[in-house]
Every structure is written in C-alpha cells, then in structure tokens.
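Read-outs: derived from the displayed coordinates by stated rules, not from any lab. Just so you know, these numbers come straight off a predicted model, no measurement behind them. Virtual Cβ from ideal backbone geometry, glycine too; neighbours counted across all protein chains shown.
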Amino acid sequence: MDLSAINPVLLIASLMVAATPILLAGIGELVTERAGVLNLGVEGMMITGAICGFAAAVITGSPLLGFVAAALGGAMLSLLFAFLTQYALANQVASGLALTLFGLGLSALLGQGYVGIKPPATPRIDIPFLTDLPVVGRILFGHDLMVYFGIALVAAVWAFLRYSRAGLILRAVGESHDAAHALGYKVRRVRVLAIMFGGACAGLGGAYVSLIRVPQWTEGMTAGAGWIALALVVFASWKPWRVLLGAYLFGGVTVLQLNLQAAGLAIPVEYLSMSPYLITILVLVIMSADKSRAPAALGRIFHAAQ
Amino acid sequence: MTETDILLSIRGLTKAYPGVVANDGVSLDILRGEVHALLGENGAGKSTLVKMIYGLVKPDSGEMVLNGAPFAPAEPQAARASGVAMVFQHFSLFDALNVAENIALGMADPPKMRDLAQRIREVSEQYGLPLDPDRLVGNLSAGERQRVEIVRCLLQDPKLLIMDEPTSVLTPQEVEILFATLRKLSAEGTSILYISHKLEEIRTLCDEATILRLGKKVATCVPRDTTARDMAELMVGAELHVPERAGKLPGPVRLAVNRLNIASPAQFGTSLKDIDFEVRGGEVLGLAGVAGNGQDELLAALSGEMLSSAEMVSFDGREIGNLGPTARRRMGLLSAPEERLGHAAAPDMSLTENALLTGVEREGLERHGFLYWGKARDFAEAIIKRFDVRTPGTENAARSLSGGNLQKFVIGREVMQRPGVLVVNQPTWGVDAAAAAVIRQALLDLAEGGTAVIVISQDLDELMEVSDRFAALNEGRLSTVVPAKGLSVEQIGLMMGGAHGMEVAHV
C-alpha cells in the first residue's frame with residue numbers, strides 16, 4: 001500500500017468536480033421542497049438534462065449552449081410533473097417516481113445517435129497569475145465555470161430565501177398553502193416556478209456529468225446521483241449551505257475511497273464503495289439533530305377550495 | 001343617513017355553488033365608523049359574503065360600491081389596496097415564520113424588516129396588543145396569534161375591518177380588551193364588519209346587525225334594543241329548545257386522574273402538567289380553555305392515544321394509564337375527539353365502517369378476527385335513526401356528510417355504546433343550534449343513566465348549560481374544579497388565565 005501516491009491538492013480539486021452534479025441537483029430540489037413540493041423525479045430530470053446538454057453541445061460545438069439546453073430540458077420535463085401534481089392533483093410521490101422512469105427512457109431514446117461521440121471540451125478557467133500559485137492556485141482557481149456557478153447558486157438561493165420578499169412568499173407557500181391562498185398568493189404559480197427551477201438545476205447537474213465529469217454519453221450514466229441529491233436535501237435540513245457541505249463531503253469521500261482503492265488499502269473494496277454514503281448520512285444526521293424541520297406543507301396536495 | 005355616510009354598499013350579491021345557493025340577493029349598507037354585525041347559523045352564507053368583499057370569491061351577480069366608487073376586487077391584494085382588511089376565523093398564519101415575516105406577508109408593500117419591526121412595536125403598543133416581532137408564531141398562544149392578525153390589518157390603515165368569529169379563541173378578559181381596541185378604531189372612523197354567533201357580545205359591541213338565513217337576508221335589527229333570544233330565533237327561524245335535566249345526586253367515582261404529567265408529542269403542542277381531578281357517575285364535568293392549552297393532549301391521555309404511568313389514570317378503581325385505546329374502550333372508557341374528519345372519523349370510509357371502527361369491541365362486531373358486517377350496518381342504522389343524521393344511507397362516505405350531521409354521528413356512535421365514562425372535545429363545534437341542542441341533550445341523558453361525562457369545549461355558554469362542575473385548562477395545567485352553578489364570567493376568565501399579558505388600549 002502506498003498512501004503517498006495520493007496527492008492532497010489533486011484530491012481536493014477533484015472532489016469539487018465530483019460534488020458539482022449533486023450540488024446543482026440538490027440546491028434545485030431544495031427550492032422545490034421549500035415551496036412544499038416533493039419531486040422524486042430528480043434522477044429523471046438529471047439524465048434528461050445530461051442528454052439534452054450533450055446533444056446541444058455536440059451539434060453547436062459550444063459547451064455553454066449545451067448547459068443552457070440542459071437547463072431547458074430539465075425544466076421542460078419538470079413541467080410534466082408540475083401539470084400532474086398542481087393541476088391534475090396527482091399524488092406527488094407516484095408522479096415523481098414515474099418522472100424518473102420516464103426520464104430514463106426518454107434520454108435513452110434521445111441519446112441513440114450519440115453513443116461513443118466525444119463532446120467539445122469545456123475550457124478550464126486559467127487566470128495567468130492566480131492559477132500558478134502553489135497549492136491554493138490549483139484548488140481554487142483551476143476549475144471550469146460550472147464549479148463556481150454551483151457555489152454562487154447556493155449563495156444566491158440562501159440570500160433569496162432569507163432576504164427577499166419572493167423568498168418569503170415561497171417559504172410561506174411551503175409552510176401552509178391554505179393560509180397563503182387566503183392572503184391572495186398564487187400558490188400554484190409559485191409552486192410551478194419552484195418545480196421548474198428544480199428541473200433546470202437537475203438538468204445542469206446531469207449535463208455536468210455528460211459534458212465534463214465523464215465526458216461522453218452512455219445510458220443511465222447519472223447512476224443514482226439524483227437520489228443522492230434528494231437524500232442530501234433532507235439530511236441538510238432544507239438549508240442551502242448544508243447542501244453544499246453535504247455535497248462536498250460526499251464528493252470528497254468518493255474521490256478519497258477511489259484513491260484508497262488505487263493505493264491498495266487492505267479493506268475490502270465493497271466497504272470503501274459504501275463509505276461515501278455512510279459518512280455523508282452520518283454527518284448530516286448528526287447535524288440535523290437541531291430544531292429544524294421539513295416545510296409543513298411538503299408533499300401535500302393543494303386544492304383551492306372556495 | 002346621507003350618501004356620504006355610507007362606506008360600503010352591497011346590492012343584490014348572489015353566489016351559487018353546485019347544489020347550493022350560498023348568497024341570494026344580499027343587500028346591506030355599512031356606515032363609516034359603524035360596527036356592523038353579520039349574524040347567521042353555520043351555512044347561512046356569512047363566510048361567502050365576506051369572501052366576496054375581500055376578493056377571495058367572485059360574485060355571480062350584484063354589485064358593491066365602496067366610498068362612492070364601484071368595487072369589484074379580483075383578488076385580496078386589490079381589496080387590501082382599497083382599504084379592506086380581514087382577520088380570519090382559522091388564522092392565516094405560518095407557524096415556522098416569525099411575527100414580522102407573517103405580517104410582511106399580509107401587506108401589499110411592506111417596509112424593510114427593521115423598520116417593520118419598529119412599526120409593529122409602535123402600533124401594537126398603541127392599541128394595547130403588545131407583540132415581539134422576532135418570536136416564532138408557532139410558539140404563540142391563540143390570543144397572541146390573533147393579535148398578529150389584527151396588527152397586520154392595522155398597519156395598513158384599513159377603512160373596513162372584517163372580523164370572522166374573533167372571540168372564539170379568547171378568554172373573557174381578552175374579549176374585553178379586544179372590544180376596547182375595536183371601539184377605539186370605530187371612534188377613529190374605521191368601519192368594522194363583525195361576524196359572530198355570540199349574541200351577548202354583539203349586543204354590547206355592535207351598532208347594527210344583518211341576519212342571514214340559508215343565504216338570504218332575513219332581518220336587520222339594532223342589537224342593543226333586541227334580546228339575544230329574539231336574535232337567535234331570527235337566525236334559526238324557529239323556536240329554540242333548551243336542553244333540560246333533572247337534578248340527581250352523583251354516584252361513585254368512575255374516572256380519577258392523579259398528577260398526570262405528559263409531554264406533548266407535537267412540535268407546537270402543550271405538555272400536561274400535574275393534572276388532578278375525578279368524575280363521578282351521573283355527573284358532567286366541563287373543562288374550558290382557550291384552544292391550544294392542552295385540550296387535545298388531555299383527550300389523548302384519557303382515550304389512551306397517549307400513554308402515561310399506570311397510576312396516573314384510574315377507571316372504576318383500576319389503574320389504566322398504561323393501557324391503549326382498545327383496552328380502555330373494552331372497559332367502557334369512550335371518547336370523541338374534536339377533529340371530525342381524520343380523527344373521529346375516517347373521511348373516505350362509509351358510515352358502517354366508521355361505526356365498526358370504534359364499536360367493534362363493545363358492540364361485539366368481531367369474532368376471531370372476522371367482522372360481522374350485518375351487525376355493523378344495523379349499529380350504524382341505529383345511530384342514524386336515533387340521532388336524526390341526515391344521510392341517504394349507511395354506505396355513504398363520512399366525508400359526504402355536512403359537519404353537523406357527521407358530528408351527530410360520531411357523538412351518537414359513542415353514546416350508543418353505553419359508556420361508563422365518555423370524554424368529548426368540542427362536541428358541537430361548527431354545528432347549528434338545533435343539532436347542538438340534540439347533542440347536548442344526549443350527553444345529559446347519558447349522565448342521567450349513571451355515566452361520567454367530561455365535556456371539553458371552548459364554548460362557555462355550552463359548558464354553563466351542561467356542566468355540574470367546572471374547571472379550566474391553561475398552558476397544560478388544570479384549575480381547581482368548582483361547582484358550575486353561580487360561576488361568574490369574571491371568575492371563569494381568571495381560571496382560563498386572565499388576559500395573557502394583553503393590556504387595555506391606550507385611548
């Protein structure tokens with residue numbers, strides 16, 4: 001076993017890349033759930049975003065347009081969920097599961113012509129002086145734009161929920177849709193917008209996998225990342241910064257255990273493979289022992305009774 | 001009265017829902033600075049009428065004129081912008097948000113949070129309703145929550161303030177303070193539309209009353225010059241029957257509660273602290289209290305939904321605190337909780353199934369795990385017949401019954417099982433006067449037969465009507481149990497916790 005083969009600088013830099021897909025999907029789902037909607041279709045929206053983004057990037061040659069298409073694709077798919085749950089008043093759990101299955105099938109269909117193709121490379125940001133700094137430069141300044149976008153999005157969502165009036169209305173709708181309705185707020189509109197935001201974020205997360213992390217297209221390539229993102233939101237007690245912490249923790253342990261496997265640690269590979277899930281859940285369970293709780297109207301169907 | 005004295009004029013408002021006309025050509029005028037009462041039974045159309053004024057419901061026909069200009073609010077924001085504010089019967093508050101955030105949500109154009117907190121403090125002090133803007137609403141008492149709603153309205157300088165059953169959650173002292181606030185507002189020129197079915201309150205507060213029955217305006221009167229009985233008969237359209245009972249000496253102690261301490265399982269619930277009382281056969285014990293002071297928890301502790309140490313609850317001398325609901329039911333300790341849909345009855349199950357759910361033990365509707373559907377249906381039919389439940393048949397879902405009819409069914413279901421002790425919470429909540437009289441009479445008849453009856457209620461008139469002895473719950477503690485006869489409203493108010501820190505408006 002040779003632990004010296006593990007370079008801590010590279011480890012931290014690569015955990016940020018490994019964490020970004022679930023971070024993006026998780027922060028989107030957080031906003032959806034704070035509006036009182038439980039969308040279990042994150043996996044389906046991610047994989048749809050992955051192929052939409054991949055196809056658009058290949059066709060246009062621009063990774064940026066790929067990400068835009070991924071966000072649109074995820075949001076479009078989430079509209080189906082929004083229609084089912086907000087207008088047809090269907091059960092949210094069942095609709096979300098159906099959305100995941102539908103998204104997996106749809107993406108396989110859309111992706112038939114794209115297997116084995118390489119997407120255009122996403123440039124890393126290279127700031128001449130800063131990136132060349134020892135240690136810090138490689139960790140903080142050598143990434144692609146989406147890594148920074150993910151962190152900025154967490155900050156923006158946090159500020160939105162805490163300081164803006166729209167954020168207050170969104171939280172109110174998630175807390176009690178009946179009271180919000182009585183005050184004259186458009187419960188459905190707020191929820192549809194929140195669902196679409198969640199879909200767009202999940203799509204971005206999916207495209208990050210297919211355009212940067214892997215980068216190529218294979219069926220079912222998100223491999224359960226959507227479910228991790230869902231669990232992350234719950235264990236993060238619906239708080240944005242904790243989603244960031246959880247995602248980086250998960251990404252970090254994932255990268256570390258891969259390195260440990262490569263270094264030939266004398267622990268069965270199966271234990272190493274389950275370690276990211278165990279450690280992330282453990283840490284977040286301990287942290288969620290405070291008084292925070294789920295939005296009171298989470299998963300409940302709003303029926304606008306007159 | 002000239003045209004300029006009229007703030008809001010309503011002409012021929014009509015609103016129909018499938019199968020029922022909620023409002024049928026209702027007309028009324030509200031003067032500036034007037035306290036106008038809107039009276040009527042449940043289902044008379046009071047709520048629909050104020051929802052139309054507040055922009056939550058669009059009328060089918062008819063028109064409104066506010067301040068001389070046509071008024072047809074498309075949504076509550078528009079109504080608020082025109083100076084109409086409303087305090088809801090079921091509070092429109094958010095438990096997980098703080099007072100300032102809740103108030104900001106009800107304002108069209110709220111100031112910055114820090115300025116808003118300052119204004120909340122000023123306005124609430126001015127009207128004698130002190131409030132801390134930073135507290136979580138979920139931790140406030142019912143009276144304090146109402147203060148939040150009222151302050152939210154006052155911050156917008158309303159011309160018309162609509163109050164839907166505002167005193168149902170207040171102690172008598174809190175009611176007096178609220179009335180002082182309302183009188184101050186009305187003296188400043190704000191009109192108030194006051195919905196209530198507490199007639200004595202309307203007689204002390206209101207200048208004018210409009211009475212609705214089955215969606216139609218049936219009368220107007222000046223409450224000060226009309227007796228409560230006359231107003232009640234105008235509302236019901238018939239003579240009222242007051243429950244009666246023959247005096248009888250109480251029997252042996254059936255239920256004894258001994259230093260009962262239980263923590264509430266609900267996040268914003270009330271824990272029970274050192275509760276001590278006993279009830280004898282043939283006696284009705286009335287327990288008053290403002291909502292959220294431990295009523296639900298006490299019912300759960302007596303019914304067996306919440307377990308305690310064995311010695312804390314005894315039934316006929318046997319310690320049963322650690323037994324669950326089924327074991328207690330088998331012995332004859334029955335209960336009917338407050339929430340009809342979802343707690344007392346399963347909404348989507350038929351009346352037969354609902355009858356079976358609590359009657360299975362004492363009515364012998366099961367053997368070796370197999371159910372006797374025929375007997376269950378007979379049992380449900382017997383309840384429907386004896387309590388005059390209006391329903392097409394036993395196979396209708398509980399949800400399809402009106403509130404009053406379902407309440408008759410869930411109370412009747414327990415009464416028919418010959419309980420040794422019966423605990424009911426809010427037995428006539430949302431039930432019209434005639435049905436309420438039937439339910440109260442059934443409870444009294446049951447006591448005549450030797451049952452110990454515990455009535456938990458927020459309706460003081462009801463408790464005074466049925467109780468032999470009386471006590472009040474306040475923040476999870478029980479006051480001393482005293483004879484109900486000759487108790488004054490002031491004494492009751494103090495037992496319920498006095499004014500909960502409210503103060504009189506600084507007029």
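Each peptide among A:151-159, B:334-342 gets the average number of other Cβ atoms lying within 10 Å of its residues, and from highest to lowest they stand as B:334-342, A:151-159. Here, the stretch A:4-118 has an Rg and a Dmax of 16.4, 58 Å when only alpha carbons are counted. Projecting the Cα positions of A:V243, B:A355, B:V481 onto the charge dipole of the protein assembly as shown (unit charges on Cβ atoms of Lys, Arg, Asp and Glu, taken about the Cα centre) puts A:V243 furthest along the positive direction.
Residues in the stretch A:15-20 carry Karplus couplings, in order, of 5, 5, 6, 5, 7, 4 Hz; the curve used is 6.51 cos²θ - 1.76 cosθ + 1.60 with θ = phi - 60°, and Gly or Pro positions show x. Other residues with beta-carbon under 15 Å from the beta-carbon of B:A78 carry, at +1 per Lys or Arg and -1 per Asp or Glu, a net charge of +3. Cross-link partners among aspartates and glutamates for B:K375, C-alpha distance below 20 Å, same-chain residues fewer than 8 apart left out? Once the sequence-local aspartates and glutamates are set aside, what remains near B:K375 is B:E353, B:E361, B:E363, B:E366, B:D388, B:E395, B:E414.
Counting only Cβ charges, +1 for Lys and Arg and -1 for Asp and Glu, the dipole size of chain A around its Cα centre is about 920 debye.
Shown for A:K239, B:K58: other C-beta atoms within 10 Å of each C-beta, ranked fewest to most, produce the order B:K58, A:K239.
Three principal axis extents describe the C-alpha atoms of the stretch A:204-306; from largest down they are 65, 36, 22 Å.
For the protein assembly as shown, a simple Cβ point-charge model (Lys and Arg +1, Asp and Glu -1, everything else neutral) yields a dipole of about 1460 debye relative to the Cα centre.
A P(r) calculated from all alpha carbon pairs of the stretch B:3-236, with 10 Å bins opening at zero, reads 8, 33, 37, 19, 4, 0 percent. Once Lys and Arg get +1 and Asp and Glu get -1 on their Cβ, which of A:G167, A:I267, A:T20 lies farthest toward the positive end of the dipole of chain A? Farthest along the dipole direction, towards plus: A:G167. Annotation for the stretch B:65-80 versus the stretch A:220-259: alpha-carbon center distance of 50 Å. Over chain B, the pair-distance histogram of Cα-Cα distances with 20 Å bins from zero comes to 21, 53, 25, 1 percent, rounded to whole numbers. In sequence order, the stretch B:318-332 has phi-based couplings of 9, 7, 10, x, 9, 9, x, x, 5, 4, 5, 4, 4, 7, x Hz under the Karplus curve 6.51 cos²θ - 1.76 cosθ + 1.60, θ = phi - 60°, and Gly or Pro positions carry x.
For the cross-link pairs B:K51/B:K159; B:K15/B:K58; B:K159/B:K184; A:K186/B:K159; A:K186/B:K58; B:K198/B:K485, the ones whose C-alpha atoms lie over 19 Å apart are A:K186/B:K159; B:K198/B:K485. 3J(HN,Hα) along the stretch B:452-461, derived from phi through the Karplus expression 6.51 cos²θ - 1.76 cosθ + 1.60 where θ = phi - 60°, amounts to 8, 10, 10, 10, 9, 7, 9, 9, 5, 4 Hz, with x in place of Gly and Pro.
For the stretch A:165-306, a crude dipole built from +1 on the beta carbon of Lys and Arg and -1 on the beta carbon of Asp and Glu, taken about the Cα centre, is about 680 debye to the nearest 20. Projecting the Cα atoms of B:G294, A:G73, A:P295 onto the charge dipole of the protein assembly as shown (Cβ charges, centred on the Cα centre) puts A:G73 farthest toward the positive pole.
Of the peptides A:116-127, A:96-107, B:418-429, the order by per-residue mean of other Cβ atoms within 10 Å, starting with the highest, comes out as B:418-429, A:96-107, A:116-127. Summing charges over all other residues whose Cβ lies under 13 Å from the Cβ of B:E338, with Lys and Arg as +1 and Asp and Glu as -1, gives -4. Once every Cα of the stretch B:1-122 carries one equal point scatterer and solvent is ignored, give the base-10 log of I(q)/I(0) from the Debye formula at q = 0.14, 0.16, 0.18, 0.21 Å⁻¹, two decimals. Values, matching the q order: -0.73, -0.90, -1.05, -1.23.
Counting Cβ atoms of other protein chains within 10 Å of each Cβ in A:183-194 and taking the mean gives 3.
Taking amide H as placed 1.01 Å from N in the peptide plane, B:V313 has its amide H under 5 Å from the amide H of B:N258, B:I320, B:G321, each at least 5 places away in sequence or on another chain.
The Stokes-Einstein estimate for the stretch B:320-387, based on a Kirkwood radius over Cα pairs and taken at 37 °C with 0.692 mPa s viscosity, is a diffusion coefficient of 255 µm²/s.
Can you give the translational diffusion coefficient of chain A in µm²/s, computed by Stokes-Einstein from the Kirkwood radius over Cα pairs at 37 °C and 0.692 mPa s? Approximately 165 µm²/s, per Stokes-Einstein.
What percent of all Cα-Cα pairs in the stretch B:358-415 falls into each 10 Å bin, going from 0 up to the bin containing the maximum distance? The distribution over the stretch B:358-415 is 23, 53, 22, 2, given as percents.
Of all the C-alpha pairs in the stretch B:253-495, what % are more than 30 Å from each other?
Values: 6402 of 29403 pairs.
Percent of Cα pairs beyond 30 Å in the stretch B:253-495: 22.
Could you tell me the distance between the Cα centroids of the stretch B:145-160 and the stretch B:299-361, to the nearest Å? Between the Cα centres of the stretch B:145-160 and the stretch B:299-361 lies a distance of 41 Å.
Taking the number of Cβ atoms within 10 Å of each Cβ as an exposure proxy, the fewest-first ranking of A:V285, B:V123 is A:V285, B:V123.
Dividing the Cα radius of gyration of the protein assembly as shown by 2.2 N^0.38 Å, with N the residue count, gives 1.12.
Where both bridge residues fall in the stretch B:3-236, DSSP classifies roughly 55% of the beta bridges as antiparallel.
Indicate, rounded to the nearest 5 percent, the antiparallel portion of the DSSP beta bridges found entirely in the protein assembly as shown. Counting only bridges with both partners in the protein assembly as shown, antiparallel ones make up about 55 percent.
Less than 9 Å Cβ to Cβ from B:R477, Lys/Arg counted +1 and Asp/Glu -1: what total charge do the surrounding residues give?
Working: positive: B:K273; negative: B:D274, B:E475.
So the environment of B:R477 carries a net charge of -1.
Express in % the proportion of alpha carbon pairs of the stretch A:142-236 at distances exceeding 24 Å. Tail of P(r) above 24 Å: 36 percent of Cα pairs.
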